[in-house]
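Data first, discussion second: the structure below is written as structure tokens.
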Amino acid sequence: RALCLACGPCPPCFAAAACSLGFLVGVCQLALGLVRLGSIIDFVSHSVMTGFVTGAALLIGFSQLSEALQIDLPHLEKPVAFFTALAEQLPHADWRAVLVSGSAIGVGLVVMRLRPLLPAYLIALIVATLVSVALGGADAGLDTVGALQSVVPSFALPNFNLGLLSSLTPSAVAIAIV
């Protein structure tokens, strides 16, 4: 969310913002570790941490529903509008997108349960990709990443924009604390 607010839908800007956010999170975590603030977590009850992590997981899951179902949903800042639109749009979900998403989630859960030492997410990604290809992929209307420009990106030093860094700092601190 912080990245979308910082740069909008521009992919090159998004990549720069993601690198900047990652850098800031690392700096914040290093600073928190150097001043030994990790011990503060001992004062937060297990129930509070469980609730916080569960809430974050639900937000992430709900934020991905529009992509997984290929339907238009408003942002989660307005939960009533979000769930109303979800109820209205659910019958219009693309069955192929639901099948691809469901296969990724299902395979990932089954592999984690039956063979926890295997890379469940990688296997789920491969199976979902194969399901997508079998259903026709982009030609059938499924959203895909598209062709990759290059396997190995060219080396370049990050361009840290001070305005971007200052707008991402609150989000970086929040992510670092979690």
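For the chain, a Kirkwood hydrodynamic radius built from all Cα pairs, placed in the Stokes-Einstein relation at 20 °C and 1.002 mPa s, yields a translational diffusion coefficient of 110 µm²/s.
Between Val80 and Ala56, full extension at 0.36 nm per residue minus the direct alpha carbon distance yields a gain of 6.8 nm.
Only protein heavy atoms count here; under a 1.4 Å probe, Phe160 has an accessible surface of about 80 Å². In order along segment 41-53, the Karplus-derived 3J(HN,Hα) couplings, from 6.51 cos²θ - 1.76 cosθ + 1.60 at θ = phi - 60°, round to 4, 5, 8, 9, 5, 4, 5, 5, 5, 4, x, 5, 5 Hz, and Gly and Pro are given as x. Accessible surface for the chain, divided over its residues, is 72 Å² per residue with a 1.4 Å probe. What the phi angles of segment 130-135 give under the Karplus curve with 6.51, -1.76 and 1.60, with θ = phi - 60°, is a coupling list of 5, 5, 4, 5, 5, 8 Hz, glycine and proline written as x.
Working note: Debye formula, equal point scatterers on the alpha-carbon atoms of segment 88-178, no solvent; log10 I(q)/I(0) at q = 0.21, 0.23 Å⁻¹ is -0.95, -1.00.
When the solvent-accessible area of segment 1-147 is split by element, carbon and sulfur atoms take up 72 percent of it, the probe being 1.4 Å. For His92, the solvent-accessible surface computed with a 1.4 Å probe is close to 130 Å², ligands and nucleic acids excluded. Between Ala134 and Leu90, the FRET efficiency estimated from the beta carbon spacing at R0 = 22 angstrom works out to 0.35. Leu59 contributes about 100 Å² of solvent-accessible surface, heavy atoms of the protein only, 1.4 Å probe.
The values are calculated or read from the model by the stated rules, or taken from the named source; none is laboratory data. What you are looking at is a predicted structure, and each value in this text was computed from that prediction instead of being measured. Glycine also receives a Cβ, built like all others from the backbone with ideal geometry; neighbour counts cover every protein chain displayed. Please note that ligands, DNA and RNA were not included when accessible areas were found on the heavy atoms of the full protein model with its side chains. Shrake-Rupley method; radii C 1.70, N 1.55, O 1.52, S 1.80 Å.
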